[in-house]
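Each remark here refers to the structure printed beneath this line.
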Amino acid sequence: MIPTLEWTSNGVRFIDQTKLPLEESYVLATTYQQVADVIVTMVVRGAPAIGVSAAMGVALGAKNTAAQTTAEFAPEFEKICALLAGTRPTAVNLFWAIDRMKALFAKLRSEGVTLPQIQQTLLSEALTMYDQDIADCKAIGAHGADLMPDKGGVLTHCNAGALATCGYGTALGVIRGAVERGKQIHVFADETRPFLQGARLTAWELMADGIPTTVLCDNMAASLMRQGRIQAVVVGADRIAANGDAANKIGTYSVAILAKEHGIPFYVAAPWSTIDRATATGDLIPIEERSATEVTHHGGKQLTPHGVGICNPAFDVTPAKYITGIITERGVIRAPYIESLRASELEAK
Ligand code: MRU
């Protein structure tokens, strides 16, 4: 299994995704500040992975505290959560994970639990989230496999694979699930400018699994669709609003429009922790703007003239009307999304 992130007795160990695919190296975060830093610098990225990383960061902060009592630790706990919550704004999984740690801390504190027990329970919670994420991805894979063609091309954008989760992946989990059931899938991986998650990460992890993969530049998808080489699209999501609008890596929206134009199904695969029913529509999802140098430079070399204007939104929002189905661990959700997301939430309670 690809070791995206792992709790160790010395801290949280991450595969360094900024170095892949040419170098397989690891970063050990021994403090919660270092966990925040690996999220900001994209050593770890992908919505479910950053959620669980943040939970482990909270557990690490609790473990390392010099406080002697719960009351002494409480303001430090707030500081830890605030730093981790400030790392990236779009993926709701980050806030979902931190809120879950906060709720647990508040409950334990109200019950008068001792600080050593709190430290242990926060760690258990983070480890449960880790295991749950892998189980959710496997369930997403099982539900989504049926929707994939028996034989054909499947396009994906960015990396929603093992590297973006604790293992197996969401969109790539669907592809893995289909391949495990004997389907002959050829993956077309958009390179995903500017950070190249598709070219570097999706290609790397699918090749490790022996799944046939072709990388294409982002501007080639329309042409391949017109040639009949793509039978389905499956992507991940960073946040899905209550009406089904889905934020994902910049460029996803254009792929969805292209798929609709060519009559190709467009699926979004995500765990329930990506669904944000408190956000009514996609227009309200905060979109991270990243550094201009991701666009102006590549491999340390400047590509653009000095001083030119640059925009670098990391995500876009695909309106629900382009989404054929949302594949979750609870099953496949279909339009009308407001009603079906609400019904699935009520059913799970
Ligand atoms: O900026 P990134 O690399 O964190 O963006 C990742 C994506 O957009 C993924 O598609 C999304 O988080 C889903 S991961 C299962």
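The values are calculated or read from the model by the stated rules, or taken from the named source; none is laboratory data. This structure is a prediction, so every number in the text was calculated from the model and none was measured. Backbone-built Cβ (ideal geometry, glycine too); neighbour counts: all protein chains shown. Please note that ligands, DNA and RNA were not included when accessible areas were found on the heavy atoms of the full protein model with its side chains. Shrake-Rupley method; radii C 1.70, N 1.55, O 1.52, S 1.80 Å.
Filter the range 81-119 down to the residues that are loosely packed, with under 15 Cβ neighbours inside 10 Å and over 24 Å from Ala314 (Cβ atoms) and list them by number. Walk me through it before giving the result.
Residues of the range 81-119 that are loosely packed, with under 15 Cβ neighbours inside 10 Å, as a first pass: 82, 86, 99, 103, 106-107, 110-112, 114, 116-117.
Scanning the range 81-119 gives Ala103, Ala106, Lys107, Ser110, Glu111, Gly112, Thr114, Pro116, Gln117.
Limited to the range 300-334, what total is found for residues that are open to solvent by less than 70 Å² (accessible area, probe 1.4 Å) and under 19 Å from Val255 (Cα atoms)?
Total satisfying the criteria: 15.
Can you pull out every residue in the range 181-193 that is in a loop (DSSP other than H, G, I, E, B) and open to solvent by less than 10 Å² (accessible area, probe 1.4 Å)? Step through it out loud before you land on a result.
Quick first cut of the range 181-193, residues in a loop (DSSP other than H, G, I, E, B) only: 181-183, 191-193.
Matches in the range 181-193: Thr192 only.
Answer with yes or no whether Thr296 is surrounded by fewer than 21 Cβ atoms within 10 Å (Cβ to Cβ), without any contact (Cβ under 8 Å) to a residue 24 or more places away in the chain and touching a strand residue (DSSP E or B) at 6+ places or on another chain (Cβ under 7 Å). Step through it out loud before you land on a result.
Working: surrounded by fewer than 21 Cβ atoms within 10 Å (Cβ to Cβ): yes; without any contact (Cβ under 8 Å) to a residue 24 or more places away in the chain: yes; touching a strand residue (DSSP E or B) at 6+ places or on another chain (Cβ under 7 Å): yes.
So Thr296 fits the description; yes.
Kindly evaluate Gly236 against the criterion of being surrounded by fewer than 17 Cβ atoms within 10 Å (Cβ to Cβ) and either under 19 Å from Thr170 (Cα atoms) or among the small types (Gly, Ala, Ser) (or both). Give the derivation first.
On the way: surrounded by fewer than 17 Cβ atoms within 10 Å (Cβ to Cβ): no; either under 19 Å from Thr170 (Cα atoms) or among the small types (Gly, Ala, Ser) (or both): yes.
So Gly236 does not fit the description; no.
Would you kindly identify the helices (runs of 4 or more DSSP H) lying entirely within the range 237-349 that contain at least 2 residues that are modelled with pLDDT of 95 or more and of a type in the set (D, E, K, R)? Don't jump to the end; show me each part of the working.
Working: elements: 252-261, 293-296, 337-348.
Result: 252-261, 337-348.
May I ask you to list the residues in the range 58-75 that are over 24 Å from Ala47 (Cβ atoms), in a helix (DSSP H, G or I) and either open to solvent by less than 60 Å² (accessible area, probe 1.4 Å) or not assigned by TED's automatic domain parsing to the domain that holds Ile118 (or both)? Spell out how you get there, then give the answer.
Going residue by residue through the range 58-75, those that are over 24 Å from Ala47 (Cβ atoms) are 63-75.
Narrowing the set further to residues that are in a helix (DSSP H, G or I) leaves 63-64, 70-75.
Within the range 58-75, Thr70, Phe73, Ala74 meet the criteria.
Please specify each residue of the range 143-171 satisfying the condition of being part of a helix (DSSP H, G or I) and under 13 Å from Pro271 (Cα atoms).
Passing the criteria: His143, Gly144, Ala164, Ala171.
When you scan the range 204-218, do you find a residue that is in contact with a Pro (Cβ under 8 Å, 6 or more places away or on another chain), open to solvent by 10 Å² or more (accessible area, probe 1.4 Å) and within 16 Å of the ligand (Cβ to nearest atom), even just one?
yes
Among the numbered criteria (1) more than 16 Å from the ligand (Cβ to nearest atom); (2) part of a helix (DSSP H, G or I); (3) surrounded by 21 or more Cβ atoms within 10 Å (Cβ to Cβ); (4) of a type outside the set (Asp, Glu), which single criterion is violated by Val12?
(2)
Pick from Ala142, Ala178: which is away from the ligand (no atom under 14 Å from the Cβ) and surrounded by 24 or more Cβ atoms within 10 Å (Cβ to Cβ)? Even if it seems obvious, please write down each step before you answer.
Numbers: Ala142 fails: surrounded by 24 or more Cβ atoms within 10 Å (Cβ to Cβ).
None of the other options fit; the residue is Ala178.
Please indicate, with yes or no, whether at least one residue in the range 128-139 is more than 16 Å from the ligand (Cβ to nearest atom), farther than 30 Å from Lys63 by Cα and either in a helix (DSSP H, G or I) or under 13 Å from the mean Cα position of the chain (by Cα) (or both).
First pass over the range 128-139, keeping only residues more than 16 Å from the ligand (Cβ to nearest atom): 128, 131.
Going one step further and asking which of them are farther than 30 Å from Lys63 by Cα, we end up with none.
Looking for residues that are more than 16 Å from the ligand (Cβ to nearest atom), farther than 30 Å from Lys63 by Cα and either in a helix (DSSP H, G or I) or under 13 Å from the mean Cα position of the chain (by Cα) (or both), one finds none in the range 128-139, hence no.
Considering only the range 269-289, state which residues are crowded, with 19+ Cβ neighbours inside 10 Å and within 13 Å of Phe315 (Cβ to Cβ).
Passing the criteria: Thr274, Gly282, Ile285.
Return yes when Asp99 is within 16 Å of the ligand (Cβ to nearest atom) and in a helix (DSSP H, G or I) and no when it is not. Write out each step before concluding.
Details: within 16 Å of the ligand (Cβ to nearest atom): no; in a helix (DSSP H, G or I): yes.
Answer is no for this residue.
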